[in-house]
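Before any comments, here is the structure.
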Amino acid sequence: MDLIWDGLKEAVSLIFSGDAYVYEVALTSLYVSGLATLIAVVIGFGLASLLVFRAPPGRVLALSAFNAGMALPPVAVGLIVAIMLWRTGPLGELGLLYTPTAIVIAQAVIATPVVTALSVVALQSVNPRLRLQVLALGASRWQAGALLFREARLALLAAVMAGFGAAVSEVGATIMVGGNIRGETRTLTSATVLEVQQGDFETGIAFSLILLAIIFAVVGGLTVLQQRRSAS
Amino acid sequence: MSEPRIGLRGVKVEKGRRTVLDVESLDVRAGEVLAVVGPNGAGKSTLISVLGLLEKPKRGEVFFAGEPVSGDFLAYRRRMAVVFQEPLLLDASVESNVGTGLALRGASRDERRARVQAWLARFGIEALAGRSARTLSGGEAQRVSLARALVLEPEVLLLDEPFAGLDAPTRQSLIDDLARVLGETGAATVFVTHDRDEALRLGDRLAVLMDGRVRQEGTPQEIFAGPADEEVAAFVGIETIAPGRVETVSDGLAVVRAGERLIEAGGDVRAGDAVLVCLRPEDITLGPPAEATRTSARNHLPATVMRITPAGPWVRVELDAGFPVVSLITKQSLEDLALAPGTAVVATFKAAAVHLIRK
């Protein structure tokens, strides 16, 4: 118990002393996972509207793939992204391995199926005849899409939250493609792993607490937004 | 007569191998309400989808203001409005819902507000403006849906069974409001329904759609008094349909043998024709056998009461006169005549009430 208590105290003092290292790691996490989520949302919303509104052939197969993708092992994603970005790999010339960009790519790959699969469910939960009604009211394809996304906004926000959660809490692929380089690719999750491996539990707990605080702040903020809109 | 605002030529729609719509020609003029009646599955909704340019027919063309529709469907769709059976409102306020179509057309906020308020008032729902659409009753929601369509002041208004999901009192008041509004707008309106009373209430002209085809088109009187075939007859409420053969014709009055009976009827038929004798239940009165000769009606059929069932304020009496006959009488008459299954009566109807369909 002492260990946890000391860890909590250390965490609080680290957070409130304005420790540069802690803030740098926290900002890296936010930046990397925020960007990865944004990419996942752009791709996921696009794929979901394609699958739901255009009903292309092979739709069920694609849907199964995205549903399976929700359980994609991050380590496997890390491995594949690492191989792609490896100096001698197909994208090696870009020199992206062990950069924040590499982590963004890996986390986006992990979050995209989550956002896509949940967005498909969100859009499918809207009455399909509503699309006809909206078109009949004189909506262009894009206007119709926008209105239907608005209609599914609550469930779509849940998809965004799940995507962000998958990205920010990921560690295996992050270390594999990011390398856990201090000041560059060290995130809250990879820093926690490192500190615990070094026996510095207090700092490890501090990082975990900050991670939880960020998740709570972001997801909580989105939830407030979601519930306020639903009440109006 | 003005030229048709919207129409179809040679339109055919198939779902799988089934032809769901096959309309050679259909036109609606500005200011006119065409009521399309037909049983469920007749292709009525498909007709609305095709007219509303929401579904492309396999063959044929939609005409708008005399020209075949081509190119950008959106531009045509913005001159029409569709109301479906479900209100299909967006998850937003009533005001925002009614303003949706105007917003899609780029109307300014002020214009939107003014027009939305005016139409909410015309449907008696201005008090609901700020309410969330999710909290509305079925009748309120359908009023919002109608206001949302009419606020666009469309040149063509397409109504797909807009009252089907509503309870009777709500439906009646909404039909009254819509009838008033339709009289004021110059829209060419296509109103699709399976309910012949609604069709009569709102339609200037009727089209009977069955199995995807327009079986008959004309004024309500033309169709109800002279259905084109047996199915149309049954659908428009003719419940007695008996096969017969014309024996003689003189001075436009035909004598038809139906089973054991001879029936006098008006109609453009010739001796020897095989016909269907059609009678509407409200045209047949019942009386005791002795009374038979006292009225001016031409036909008196001795019959036996088979079954009596209440039908709202009326009583439906099924008779056997050698062929099945259905009569609609008041509850008072039922008591006066002391009718019960097995009672012998005389069914009386005028020759003019008989409609003959040549087979």
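FYI, it's all coordinate maths here, none of it is from the lab. None of the values given here were measured: they were computed from a predicted structure. Reconstructed Cβ throughout: ideal geometry from the backbone, glycine too, with neighbour counts over all protein chains shown.
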- [ ] Indicate the gyration tensor shape class of the range A:27-186 (rounded, prolate or oblate), computed on the Cα atoms with a ≥ b ≥ c the square roots of the eigenvalues: a/c under 1.5 is rounded; otherwise a/b larger than b/c is prolate and the rest oblate.
- [x] prolate
Task: chain A - charge dipole about Cα centre, Lys and Arg +1 at Cβ, Asp and Glu -1, debye rounded to 20 - done: 1540
Task: Radius 15 Å from Cβ of B:Ala254, net charge of other residues (Lys, Arg +1; Asp, Glu -1) - done: +3
- [ ] Quickly work out the A:Ala68-to-B:Arg18 label distance, labels modelled 7 Å from Cα along the C-beta direction, and quote it in nm with one decimal.
- [x] 3.6
Open item on the list: Excluding same-chain pairs closer than 8 in sequence, count the lysine pairs in the protein assembly as shown whose Cα atoms lie under 17 Å apart.
Closed with: 8
Open item on the list: Taking only complete DSSP H runs, can you tell me which helices of chain B stretch 15 Å or more along their own long axis by Cα positions and average at least -0.5 on the Kyte-Doolittle scale?
Closed with: B:138-150, B:168-184
Task: For chain B, calculated [θ]222 nm from helices alone, where every DSSP H run of n ≥ 4 adds -39500 (n - 2.57) - done: -7000 deg cm²/dmol
TODO: When a/c is below 1.5 the answer is rounded, else prolate if a/b is larger than b/c, else oblate, so apply that to the range B:25-71 with a ≥ b ≥ c taken from the square roots of the Cα gyration tensor eigenvalues.
DONE: oblate
TODO: Note down the nm distance, to one decimal, between modelled labels 7 Å out along Cα→Cβ at B:Ala228 and at B:Ala290.
DONE: 4.9
Task: Taking N as its residue count, the alpha carbon Rg of the protein assembly as shown over 2.2 N^0.38 Å - done: 1.43
Open item on the list: Please give me the summed charge of the neighbours of A:Leu96: other residues whose Cβ is under 15 Å from its Cβ, Lys and Arg +1, Asp and Glu -1.
Closed with: -1
- [ ] Quick one: work out the % antiparallel among DSSP beta bridges in the range B:4-234, nearest 5.
- [x] 55
Open item on the list: Given axes a ≥ b ≥ c from the Cα gyration tensor, I'd like to know whether the range B:4-234 is rounded (a/c under 1.5), prolate (a/b larger than b/c) or oblate.
Closed with: prolate
Task: chain A, helix-only ellipticity at 222 nm - DSSP H runs n ≥ 4, -39,500 (n - 2.57), divided by all residues, nearest 500 - done: -25500 deg cm²/dmol
Open item on the list: How charged is the neighbourhood of B:Gly106? Take every other residue with its Cβ under 12 Å from the Cβ of B:Gly106, and add Lys/Arg as +1 and Asp/Glu as -1.
Closed with: +3
Open item on the list: List residues of the range A:1-45, by number, whose backbone nitrogen lies under 17 Å from a label position 7 Å along Cα→C-beta of A:Leu212.
Closed with: A:1-16
- [ ] With label points built 7 Å along Cα→Cβ from the Cα atoms of B:Arg245 and B:Arg134, find their separation and express it in nm.
- [x] 7.0
TODO: Quick one: among B:Gly244, B:Gly252, B:Gly99, which has the greatest mean-square fluctuation in a GNM of chain B with alpha-carbon springs under 10 angstrom?
DONE: B:Gly252
- [ ] Report, largest value first, the span of the C-alpha coordinates of the range B:238-358 along each principal axis, in whole Å.
- [x] 41, 26, 22
